[in-house]
1. Under a cut-off of 14 Å between alpha-carbon atoms, report the aspartates and glutamates in cross-link reach of LYS57, not counting same-chain residues fewer than 8 places apart.
2. Would you pull out the residues with amide H under 5 Å of VAL173's amide H, same chain only if 5 or more places away, H placed 1.01 Å from N?
3. Return the whole-Å distance between the Cα centroid of region 1-46 and the Cα centroid of region 100-165.
4. Each residue of region 59-66 in turn: what ³J(HN,Hα) in whole Hz from Karplus with 6.51, -1.76, 1.60 and θ = phi - 60°, glycine and Pro shown as x?
5. Once you put a point 7 Å from the Cα of LEU58 and another 7 Å from the Cα of LEU188, both along the Cβ direction, what distance in nm separates them?
6. Could you please put HIS23, HIS126 in sequence from largest to smallest accessible area, using a 1.4 Å probe?
7. Which cross-chain or sequence-distant (5 or more) residues have an amide H under 5 Å from the amide H of VAL13, H modelled 1.01 Å from N in plane?
8. Residue by residue through region 172-186, what is 3J(HN,Hα) from phi via Karplus (6.51 cos²θ - 1.76 cosθ + 1.60, θ = phi - 60°)? Round to whole Hz and write x for glycine and proline.
Amino acid sequence: MTTIGQIMRTAPVIPVLVIDDAHHARELAEALVAGGLRVLEVTLRTPAAIDAIRRMKLVPGAIVGAGTVIDHAQLDEARAAGAEFIVSPGLTEDLAHAVATAGVPFLPGVATASDIMRGLDLGLTHFKFFPAEAAGGIKALKALSAPFAQCRFCPTGGITAETAPDWLALEPVLCVGGSWIVPRGADLVQVEALAREAAALAD
């Protein structure tokens with residue numbers, strides 16, 4: 001089974017996608033993959049999200065996951081649609097156990113030392129630092145990660161193309177999550193260009 005660590009190492013940026021119209025989801029995924037970003041997080045914030053996951057799964061090379069998963073019902077829906085990994089804005093024992101039982105890679109959100117310790121108790125070592133900028137930014141993650149050398153992070157929330165390199169320079173950061181890759185109103189040519197720029201951050 002692919003691990004969450006392997007998924008996080010696939011590309012330096014995971015696009016955080018809010019899909020309003022699933023009819024264009026496949027083409028969007030094709031543009032992102034063509035630009036070098038294969039890991040796609042479709043947030044369950046819109047009615048179109050589940051259908052979008054199904055359509056994006058049809059794109060060769062795409063690794064499609066569900067984000068903003070907060071309960072069992074959403075987990076079941078996401079899994080039925082073919083989500084290959086699960087991202088949550090927070091961490092609860094109940095959801096963590098459910099995801100473990102489902103056997104799917106899991107990236108739960110943490111913002112405090114207590115969150116991380118709860119995750120470690122559950123056997124987790126890879127986390128989404130969220131909301132990254134609002135939770136204190138790079139200084140906060142540096143301080144938080146110091147006592148937890150075994151942990152790796154995907155900071156998400158408020159990160160931009162300009163600040164992403166600073167986050168990626170931190171040793172415990174494997175990738176960042178970002179919504180800037182798909183700005184509202186952008187066409188597919190723009191999306192592919194932005195994806196290519198983001199993928200190049202690994203160089």
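The values are calculated or read from the model by the stated rules, or taken from the named source; none is laboratory data. Computed from a predicted structure; not experimentally measured. Methodologically, a virtual Cβ is constructed for each residue, glycine included, from the backbone with ideal geometry; neighbour enumeration extends over all protein chains shown. Remember, those area values only see protein heavy atoms, side chains included, never the ligands or the DNA or RNA. Shrake-Rupley method; radii C 1.70, N 1.55, O 1.52, S 1.80 Å.
1. Cα-Cα hits under 14 Å: GLU27, GLU30, GLU41, GLU84.
2. The list, which skips near neighbours in sequence, is PHE153.
3. Cα centroid of region 1-46 versus Cα centroid of region 100-165: 19 Å apart.
4. With coefficients 6.51, -1.76 and 1.60, one gets 8, x, x, 6, 10, 9, x, 10 Hz.
5. The answer from the label model is 1.2 nm.
6. Working: HIS23 120, HIS126 35 Å².
Putting HIS23, HIS126 in descending order of accessible area: HIS23, HIS126.
7. VAL176
8. With coefficients 6.51, -1.76 and 1.60, one gets x, 8, 8, 6, 10, x, x, 9, 5, 5, 10, x, 4, x, 6 Hz.
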